[in-house]
Amino acid sequence: MVAIEDTRKQIEALREQVRYHGRRYYIEDAPEISDAEYDSLYNELEALESENPELVTPDSPTQRVGGEPLEGFEEVRHAIPMLSLSNARKTGDLREWDARVRRLLGPEEEARLRYVTELKIDGLAISLRYENGRFVRGATRGNGAVGEDVTHNLRTVRSIPDRLDGDAPEVLEPRGEVYIGLEDFEKLNRRQEAEGKPVYANPRNLAAGSIRQLDPKMTAARPLTVFLYGIGEGYGDYESHSASLAALKNYGLRVNPYEVHESIDSVVEACERWAERRTSVGYQIDGVVVKVDSRGQQEQLGSVQKAPRWAIAYKFEPLAGRTRLQNIFVHVGRTGALTPQAVLDPVNIGGVTISRATLHNEDYIKEKDILVGDRVVVERAGDVIPQVVRPVTEERTGQEYAFEMPTECPVCGEPASRPEGEAVTRCVNTRCPAQALEHIIHWVSKSAMDIDGFGEKMAARFFELGMIKDVADIYGLKAEQIEPLEGLGQKSAENLIRSIERSKEQPFPRVLYALGVRHVGAVTAELIAERFSGEDLLRGVEAEKLTEIDGIGGVVARAVAEYFSLEDNQALIERLMEIGLDFERVSAGPTEGPLAGMRVVVTGTLSRPRSYFVERIEAAGGTFTSSVSSNTDYVVAGDGAGSKLNKARDAGVTILDEDGFEGLLST
Ligand code: IVH
């Protein structure tokens, strides 16, 4: 019994740490430890919990990854309804609303009137419920009176803490919006595109769809986050809206940024300011919400139908417009993907003239029934590339015609093909100039070789002047060649050459990532570089060998194997090796020692904490893993070891006790 109590304490201590660092990272954006360190804490917790399933509680940080799929959603009746807002389209509407508020409040209250403005986020409205500081339930807004119980899915959203800080009221229902940031959205869509999968239309639909997934694992895989902007039950504890927001912040929740105003002039000024800056916010917003600050005054004003009289939404002009689709041309990207682009009659959308928009891929155009010559609806959502959303079929003249995807690459003329089951057509020629330039741009970028001062424009310029044809040519550039170019000069030429030279010191994982192999991101490159050197890869690796690496699946493995089997790629790599770039395998830890290259699982109750074993294993060149498989070399088993021990026996893995483990290390 004592042992289980100790484990419980150990688990609780780990959870505290994981929660704390998770919050520093996900909510406060100020991590104190490295990702790797966080992962190892997390893994330790997960390992302990999996050995002691009876100690797993729903509020553990490990439960965020999603439990079992749900059958359907239970209904949740909101004790305090989730209201909607009436809209103001013009600033004049705001002034009229202000006059009505003043009239209803009367002269005495009017003197104390203050407003709060905050951004109106375009996501999915949710209500969280905390009882005694613990997250117990999360629901969608639904029709305002009844929503759906999406607790399991909301538990996977990292910015929703499972415990509140400080002394929150016994029952607290923070309300807000779940959304996906624009950068994350674009990243996700680029990945979808690279994998030949359909792209998502906009961040709002994706966020809403993710929360209403029956399988929480799907939700967990989406980069959802939350902003809270109000309180349902529990609001009575605060004297004003701004005080309630400040309190939510202190409880450790992410609060929508807000401003307090003394006059409607100041409110109008804030609305106009945000309308201008709407695309620089980083997430989709469609207006500014204005609220009367004092709770007493809110109560005095009350609600009509489903909207409060004390709040109003100032809505921005929609970021959509209509124009004619003149033509469709095809852009060829770094990985050879052919992307159809719309050429539009220029149209002003939200103050920006748009004449190009994406059409994603062939299927998208077919599904939406978009024809060349159509009048189309174009949407611009923040920083998201403008896209053609749909045709206005009622305005067809009969002159429109269907787009056909070329069967040859429009840049090099070599065949383009669309692999079965994929949405993307690709140019198969790795020497295609379009791919070459895109590859150079990727190579010099910050996350790849990080060649300071060598941006996209510079790459395009050198490429067009014929000074570089591929990435290896970058290392042959001379200051004398660069100096005479307009706008450059001696100093910048020398700086550039210096940055190029410095980039030769980038470690192999960076080089591997910079090669731009399809599906190989920075993390995957790291994993591969820990197992194989450049020489190994050049000699040819089979996809099966690559899939033995934890975290590398079949699609990635095949792409890597194919890349290194192509002669052009091999020739490029050989040149890069001669130039002196790093192609040496990197070690995840020491590669020597009694456990070099071995995978070790630790299970059961042992005399020392798990972290001790992890350190010892790694110092001896081994890898600590949490589950037993046929790749496991040793299982160190303590008292009460359960399923892992059985699995190890079945798989014929060597089982050691603590003494055996120590003995092995002293050899
Ligand atoms: S306040 C009683 N504040 O807009 C006040 N709503 O029509 C109720 N929304 O679906 C809402 N950002 O989810 C409020 N800062 C914000 C908001 C916001 C977005 C959404 C909300 C609701 C709709 C209101």
In whole percent, and with a 1.4 Å probe on the protein chains, what portion of the accessible area of the stretch 531-637 is carbon and sulfur? 44
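Kirkwood hydrodynamic radius of the chain from all distinct Cα pairs, in Å? Please list the in-between numbers first.
On the way: mean 1/r = 0.0344 Å⁻¹.
About 29.1 Å for the chain.
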nm² value of the averaged projected area, convex hull over the Cα atoms of the stretch 277-356: 8.9
Unmatched cysteines, the chain - criterion: no other Cβ of a Cys under 4.7 angstrom: Cys271
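Mind scanning Lys120/Lys366; Lys120/Lys306; Lys187/Lys545; Lys187/Lys366; Lys446/Lys478; Lys368/Lys457 and naming the pairs with a C-alpha gap bigger than 27 Å?
Working: Lys120/Lys366 34 Å; Lys120/Lys306 18 Å; Lys187/Lys545 29 Å; Lys187/Lys366 24 Å; Lys446/Lys478 22 Å; Lys368/Lys457 35 Å.
Pairs exceeding 27 Å: Lys120/Lys366; Lys187/Lys545; Lys368/Lys457.
Before I look further, what does the stretch 50-140 give for accessible area per residue, probe 1.4 Å, in whole square angstrom?
Values: 4810 Å² over 91 residues.
For the stretch 50-140, the per-residue accessible area is 53 Å².
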Using alpha carbon centers only, the stretch 160-181 is separated from the stretch 327-393 by a whole-angstrom value of 39
Here, Glu12 and Ser445, labelled 7 Å along Cα→Cβ, have an inter-label distance in nm of 4.7
Value of Rg/Rh across the stretch 130-204 [Cα atoms, Kirkwood radius]: 1.10
For Val146, enumerate residues with amide H under 5 Å from its amide H, sequence gap 5+ or separate chain, H modeled in the peptide plane. His78
With labels modelled as points extended 7 Å from the Cα through the Cβ direction, what inter-label distance (nm, one decimal) is found for Glu395 paired with Asp237? 5.4
What does the helix-only formula give at 222 nm for the chain: each DSSP H stretch with n ≥ 4 adding -39500 (n - 2.57), the total divided by the residues, and the result rounded to the nearest 500 deg cm²/dmol? -11000 deg cm²/dmol
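By per-residue mean of other Cβ atoms within 10 Å, what is the highest-first order of 346-356, 525-535, 51-61? Show your work: numbers first, answer last.
Values: 346-356: 14.0, 525-535: 19.6, 51-61: 15.6.
So the peptides 346-356, 525-535, 51-61, ranked by packing, come out 525-535, 51-61, 346-356.
Which order do Thr603, Thr393 take when ranked by solvent-accessible area (1.4 Å probe, heavy atoms of all protein chains), largest first?
Numbers: Thr603 0, Thr393 65 Å².
Per-residue accessible area, sorted high to low, gives Thr393, Thr603.
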Would you compute, for the Cα atoms of the stretch 451-545, the largest minus smallest coordinate along each principal axis and list the three values in descending order, in whole Å? 51, 23, 21
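If you place +1 on the Cβ of every Lys and Arg, -1 on the Cβ of every Asp and Glu, and leave all else neutral, what size is the dipole of the chain about its Cα centre, to the nearest 20 Debye? If you can, show how the numbers build up before the last one.
On the way: 80 positive and 110 negative charges, 394 e Å.
Dipole magnitude for the chain comes out near 1900 debye.
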Give the calculated FRET efficiency between Asp93 and Asn205 to the nearest 0.05, with a Förster radius of 30 Å applied to their Cβ-Cβ distance. 0.60
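With Rg and the Kirkwood Rh both taken from Cα atoms, where does Rg over Rh land for the stretch 140-264?
Numbers: Rg = 16.7 Å, Rh = 16.2 Å.
When Rh is taken as the Kirkwood radius, the ratio is 1.03.
The values are calculated or read from the model by the stated rules, or taken from the named source; none is laboratory data. From a predicted model like this one, the values you see are computed outputs, not experimental measurements. Ideal geometry is used to build each Cβ from the backbone, glycine not excepted, and the neighbour counts take in all protein chains shown. Please note that ligands, DNA and RNA were not included when accessible areas were found on the heavy atoms of the full protein model with its side chains. Shrake-Rupley method; radii C 1.70, N 1.55, O 1.52, S 1.80 Å.
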